[in-house]
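The values are calculated or read from the model by the stated rules, or taken from the named source; none is laboratory data. Remember, it's a predicted structure, so these values are computed and weren't measured experimentally. Quick reminder, even Gly has a Cβ in these numbers, built from the backbone with ideal geometry, and neighbours come from all protein chains shown. All accessible areas refer to the heavy atoms of the entire protein, side chains included, with ligands and DNA or RNA removed. Shrake-Rupley method; radii C 1.70, N 1.55, O 1.52, S 1.80 Å.
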Amino acid sequence: MKRVICLVALAAGVAGAELTPLPTGGQGWYGDPLTWRFRQDRVSCTLSNGNGIAVYEAAPLASNVTVEAFFTPRKAEGRGWGIASVAIVDDERNYWHLALVQTPPEGGSRPMVELAEMRDGEWLAQSNLKSEFNEASGLKWAFGLPHRLQLSLAPGGVTGTISAPDGRQILRHRYAFTAPAVRRGRPALRVGGITGEFTGIRAEWG
């Protein structure tokens, strides 16, 4: 009985563990210097043509990963899709991202949010998985305000939560790993066509 109690207490302690702040000055990060600006209190991104990813390579590849950040979008290029996200990256062809999205002008330049997977170079590969819940409140993200994004990967699935500046939930979405999926990675940031700043970047892995 004591052993069971100890194991339960240990599991609760791990589940409630605080995320660790990641350095924003560039230590441990790998990203295109034309896209990313690492400062002491933030990571800024310029306009990127497509797939601008900054990976925290000081972390090992792991199957239990959580990454969280506040992102303040400043402006969109306005010629195609715009995205800004936290991500969990195995390599450039295999990753999950949780994103603020702006549709192209022909789509009305509408603000959207998404939890999506790139697997073996195929985008939106998560369609083979079971969506356990997809709670979208209908709130829209807005330029000039900080939005909280948290993405968590575990052996059983992946969960993403996006919150508005006032704390209200914009999205909470989870996919269960019921089929092939990206099941490991490192904390990362990803942008394309949107400028802004990431602050309060935190993560854990194991």
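List the residue pairs whose Cβ atoms are under 7 Å apart, where the first residue sits in the range 122-143 and is on the phi > 0 side of the Ramachandran plot, the second is open to solvent by less than 50 Å² (accessible area, probe 1.4 Å) and at pLDDT 95 or above, and the two are 6 or more positions apart or on different chains. Within 7 Å, the pairs are L124/A116.
Of all residues in the range 167-182, those being surrounded by fewer than 19 Cβ atoms within 10 Å (Cβ to Cβ) and out of contact with any Leu (no Cβ under 7 Å at 6 or more places or on another chain) number 4. Restricting G196, G160 to those that are on the phi > 0 side of the Ramachandran plot and modelled with pLDDT of 95 or more reduces the list to G196. Open to solvent by 40 Å² or more (accessible area, probe 1.4 Å) and over 30 Å from A179 (Cβ atoms): is that true of L139 in this structure? So L139 fits the description; yes. I'd like the full set of residues that are of a type in the set (A, V, I, L, M) and touching a Lys or Arg at 6+ places or on another chain (Cβ under 6 Å), limited to the range 157-206. Within the range 157-206, A176, V182 qualify.
Within the range 1-22, if we keep just the residues that are part of a loop (DSSP other than H, G, I, E, B) and at pLDDT 95 or above, the residue that is farthest from P73 (Cα to Cα) turns out to be L19.
Output yes when any residue across the range 146-164 is open to solvent by 30 Å² or more (accessible area, probe 1.4 Å), over 25 Å from W205 (Cα atoms), out of contact with any helix residue (DSSP H, G or I) (no Cβ under 8 Å at 6 or more places or on another chain) and of a type outside the set (V, I, T), and no when none is. Looking for residues that are open to solvent by 30 Å² or more (accessible area, probe 1.4 Å), over 25 Å from W205 (Cα atoms), out of contact with any helix residue (DSSP H, G or I) (no Cβ under 8 Å at 6 or more places or on another chain) and of a type outside the set (V, I, T), one finds none in the range 146-164, hence no. Within the range 118-126, is even one residue at pLDDT 95 or above, part of a strand (DSSP E or B), under 23 Å from G82 (Cα atoms) and more than 16 Å from the chain's Cα centre (by Cα)? Checked the range 118-126: at least one residue is at pLDDT 95 or above, part of a strand (DSSP E or B), under 23 Å from G82 (Cα atoms) and more than 16 Å from the chain's Cα centre (by Cα). Selection over the range 127-162 of residues that are more than 30 Å from K75 (Cβ to Cβ), assigned to a strand (DSSP E or B) and of a type outside the set (A, V, I, L, M, F, W, C) gives a count of 4. Given the structure, is E114 open to solvent by 70 Å² or more (accessible area, probe 1.4 Å), charged (D, E, K, R) and in a strand (DSSP E or B)? Judged against the criteria, E114 is not a match.
For residues that are part of a loop (DSSP other than H, G, I, E, B) and among the β-branched types (V, I, T), scanning just the range 27-48, find the one that is surrounded by the fewest Cβ atoms within 10 Å (Cβ to Cβ). The qualifying residue surrounded by the fewest Cβ atoms within 10 Å (Cβ to Cβ) is T46. Residues considered: A59, A99, A87. Of these, the only one that is in contact with a Lys or Arg (Cβ under 8 Å, 6 or more places away or on another chain), open to solvent by less than 30 Å² (accessible area, probe 1.4 Å), over 17 Å from L149 (Cβ atoms) and of a type outside the set (V, I, T) is A59.
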